[in-house]
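Novice: One structure coming up, written as structure tokens, with questions to follow.
The values are calculated or read from the model by the stated rules, or taken from the named source; none is laboratory data. Just so you know, these numbers come straight off a predicted model, no measurement behind them. Using ideal geometry, Cβ is built from the backbone for each residue, glycine included, and neighbour counts are taken over all protein chains shown. Surface accessibility is based on the protein's heavy atoms, side chains included, excluding ligands, DNA and RNA. Shrake-Rupley method; radii C 1.70, N 1.55, O 1.52, S 1.80 Å.
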Amino acid sequence: MSNLLKLKEKLESLIGKYYVLSSPVDLAVYDSDGETLDKALPDLVVLPATTDEVQEVIKLANEYNIPFTPRGAGTGLSGGATTVMGGISLVLTRMNRVLEIDPVNMLAHVEVGATNLSVSEAALPYNLYFAPDPSSQMASTIGGNIAENAGGAHTLKYGLTENNVLGLKVILPDGNIVQFAGKTRTHLGVDFAGLFIGSEGTLGIAVEAYLRLIPRASKVETMIAYFETLEAGGQTVSDIVAHGVIPAAMEMIDKLTLKCVEDSLHLGLDINAGAMLIIELDGNAIEIAEAKEIVENCVRKNGVLSIKWAENSKERQKIWKARKSSFGALGRIAPHGYVLDGVIPRSKLKEAISKIRRIGEEHNIQIANVYHAGDGNLHPCLLYNRDDHNQVRRVLLAAHEILELCVSLGGTLSGEHGIGVEKLREMSFAFNEDELEAMRQLRSVFNPKNLCNPGKVVPQPKSCGESGMRPLLRHKLSELS
Ligand SMILES: Cc1cc2nc3c(=O)[nH]c(=O)nc-3n(C[C@H](O)[C@H](O)[C@H](O)COP(=O)(O)OP(=O)(O)OC[C@H]3O[C@@H](n4cnc5c(N)ncnc54)[C@H](O)[C@@H]3O)c2cc1C
């Protein structure tokens, strides 16, 4: 009997047949995350429900020398949960309890499979919430948010996941359980929680988290401003911050996206405008009044076409629905979208917008643009059809150039989606070989057998793929191999 079959039998007796999947149809559901260009089937999908079960799965994987890749909701956009070396897809969505909301210490203690939104919903009776709010928050899990250091529209003011996690319970790749800080974030010695957040499941598997909750603002004001061009919207964003105003959020979407959202949701958006900028202010009434004046001056100075402040929470929800449905709505015009998340200094927004447009034109690729504009986090979405390999090749080349552009403008490769398998090749834009080697050495301390999420984040020396990696479409396309 093969190792895999023996492992399967042991896993079935450990957590039940129903939670160990191996039929081709079941495995196909787990062949990628939201980055659908890179697909690789796992050999087994395992869905444990408790920390003890996760620990036993990891111990068995070590015994049989089989790789395991943690997976939350699979909404990641860099192929982080894709089993590029095969093995076990270790799905944590059954561990979804909010264990405690502690209003006195303003924290939540949760299992990692809890969705991001469920934490804020559980905290609502105490007028608290978990600030990082990825657009995927209805589905994405706290474990995935921690692994990717997720951000969202309100990151501009309230930070990324790393700024809102106090402590973690983690199962290391050898099966040992450790606690990195807890109800208070410890800054004594090495900040292991800080190291773990953003490590994309390569240093171990988080099973529980203590999350910082913050009070809901007493007043919120949200506006839409329409501009002739993305560049004018981008300049407005820079001007607002330069005037000392940090809105809770500043998000921008382009004409193409605007039209797709309006066609699918019929919200009454102005589809003739070249860009829609959403600005949200929060705080007390005096703070908001002062900020509002500055914001209105800045949008006018940049030739705003029209401004509309939401008059009630229903209107505000409508505005956010438009933004949070953007990527889904693009499915109306292309079967696949490749969303990048390079970051640039905010002051370079206007220049980056023009150059990305030119890159799209040069490679004949349609690019829709949705930006966390306030923190310079670009989300160009390259639209394509995965079956058209010539088009995919052009998409990969355009993406490569856009990421190079972000780094050359003083920015970096990823603001929130991570490196995963998607940006391995581009890591050399941001890091030299000594820096990459330091990352490899660090990973090998935690993950010496490289069984925990292999093939991610740090490229192997002088290789664009990794030995043992399943053939990915990007590697099949010769210009990039
Ligand atoms: C429509 C859409 C909108 C999005 N908007 C945003 C956004 O605004 N901001 C943003 O930051 N991201 C966004 N994303 C990307 C994605 O939702 C986030 O990266 C999210 O944090 C992934 O969570 P997940 O549960 O789906 O994780 P998965 O995709 O399942 O996994 C992501 C990574 O986390 C690792 N992982 C998962 N669970 C654990 C664990 N318990 N321990 C260790 N490692 C683990 C996986 O191995 C993988 O490397 C969006 C995605 C989509 C599809």
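Novice: For PRO103, work out the one condition from (1) in contact with a helix residue (DSSP H, G or I) (Cβ under 7 Å, 6 or more places away or on another chain); (2) more than 21 Å from ILE197 (Cβ to Cβ); (3) surrounded by 18 or more Cβ atoms within 10 Å (Cβ to Cβ) it doesn't fulfil.
Specialist: (3)
Novice: Only one residue in LEU160, LEU230 is under 30 Å from LYS314 (Cβ atoms), surrounded by 20 or more Cβ atoms within 10 Å (Cβ to Cβ), touching a Gly at 6+ places or on another chain (Cβ under 7 Å) and modelled with pLDDT under 95, so which one is that? Write out each step before concluding.
Specialist: Working: LEU160 fails: modelled with pLDDT under 95.
It is LEU230.
Novice: OK, next. Which one of these is touching a helix residue (DSSP H, G or I) at 6+ places or on another chain (Cβ under 8 Å), modelled with pLDDT of 95 or more, in a loop (DSSP other than H, G, I, E, B) and of a type in the set (S, T, N, Q): SER199, SER136?
Specialist: Numbers: SER136 fails: modelled with pLDDT of 95 or more.
None of the other options fit; the residue is SER199.
Novice: Check LEU340 against each of (1) of a type outside the set (Ser, Thr, Tyr); (2) closer than 25 Å to CYS406 by Cβ; (3) within 22 Å of the chain's Cα centre (by Cα); (4) at pLDDT below 95 and name the one condition it does not meet.
Specialist: Going through (1) of a type outside the set (Ser, Thr, Tyr); (2) closer than 25 Å to CYS406 by Cβ; (3) within 22 Å of the chain's Cα centre (by Cα); (4) at pLDDT below 95 one by one, LEU340 breaks only (4).
Novice: Got at least one residue in segment 310-326 being within 16 Å of the ligand (Cβ to nearest atom), open to solvent by less than 40 Å² (accessible area, probe 1.4 Å), among the polar types (S, T, N, Q) and touching a residue at least 12 places away in the same chain (Cβ under 8 Å)? Outline the logic, then answer.
Specialist: Keep residues of segment 310-326 that are within 16 Å of the ligand (Cβ to nearest atom), which gives 319-326.
Keeping just the survivors that are open to solvent by less than 40 Å² (accessible area, probe 1.4 Å) gives 319-320, 322-323, 325-326.
Adding the requirement that they be among the polar types (S, T, N, Q) leaves 325-326.
From what's left, touching a residue at least 12 places away in the same chain (Cβ under 8 Å): 325-326.
So far as segment 310-326 goes, yes, one or more of its residues are within 16 Å of the ligand (Cβ to nearest atom), open to solvent by less than 40 Å² (accessible area, probe 1.4 Å), among the polar types (S, T, N, Q) and touching a residue at least 12 places away in the same chain (Cβ under 8 Å).
Novice: Give all pairs with beta carbons closer than 7 Å in which a residue from segment 353-375 that is basic (Lys, Arg) meets a residue that is open to solvent by 10 Å² or more (accessible area, probe 1.4 Å); count only pairs at least 6 apart in sequence or on separate chains.
Specialist: LYS355/LEU405
Novice: Are any residues in segment 137-171 more than 8 Å from the ligand (Cβ to nearest atom) and either in contact with a Cys (Cβ under 6 Å, 6 or more places away or on another chain) or on the phi > 0 side of the Ramachandran plot (or both), and if so, which ones?
Specialist: GLY159
Novice: It is to be established whether one or more residues within segment 360-377 are modelled with pLDDT under 95, open to solvent by 60 Å² or more (accessible area, probe 1.4 Å) and more than 22 Å from the chain's Cα centre (by Cα). Spell out how you get there, then give the answer.
Specialist: Within segment 360-377, the first condition is being modelled with pLDDT under 95, and the residues that meet it are 369-377.
Retained after the next criterion (residues that are open to solvent by 60 Å² or more (accessible area, probe 1.4 Å)): none.
No, the conditions are met nowhere in segment 360-377.
Novice: If you scan segment 116-136, which residues turn out to be within 8 Å of the ligand (Cβ to nearest atom) and open to solvent by 30 Å² or more (accessible area, probe 1.4 Å)? Before the answer, list the steps.
Specialist: Keep residues of segment 116-136 that are within 8 Å of the ligand (Cβ to nearest atom), which gives 116, 132-136.
Listed by number, the residues that qualify are SER135, SER136.
Novice: Determine the pairs where a residue that is over 16 Å from SER140 (Cβ atoms), located within segment 106-123, has a partner that is within 11 Å of the ligand (Cβ to nearest atom) and open to solvent by less than 10 Å² (accessible area, probe 1.4 Å) with Cβ atoms under 8 Å apart, the partner being 6 or more residues away or on another chain.
Specialist: HIS109/ALA209
Novice: Now, a different point. Identify all residues within segment 234-258 that are in contact with a Lys or Arg (Cβ under 7 Å, 6 or more places away or on another chain), crowded, with 24+ Cβ neighbours inside 10 Å and in a helix (DSSP H, G or I); write none if there are none.
Specialist: Within segment 234-258, GLY234, VAL237 meet the criteria.
Novice: Then there is this: Kindly check whether there is at least one residue in segment 52-71 that is under 26 Å from VAL178 (Cβ atoms) and in contact with a Ser or Thr (Cβ under 6 Å, 6 or more places away or on another chain).
Specialist: Start the filter on segment 52-71 by keeping residues that are under 26 Å from VAL178 (Cβ atoms), which leaves 52-71.
Pick out the ones that are also in contact with a Ser or Thr (Cβ under 6 Å, 6 or more places away or on another chain) and you get 69, 71.
Scanning segment 52-71, I find at least one residue that is under 26 Å from VAL178 (Cβ atoms) and in contact with a Ser or Thr (Cβ under 6 Å, 6 or more places away or on another chain), so the answer is yes.
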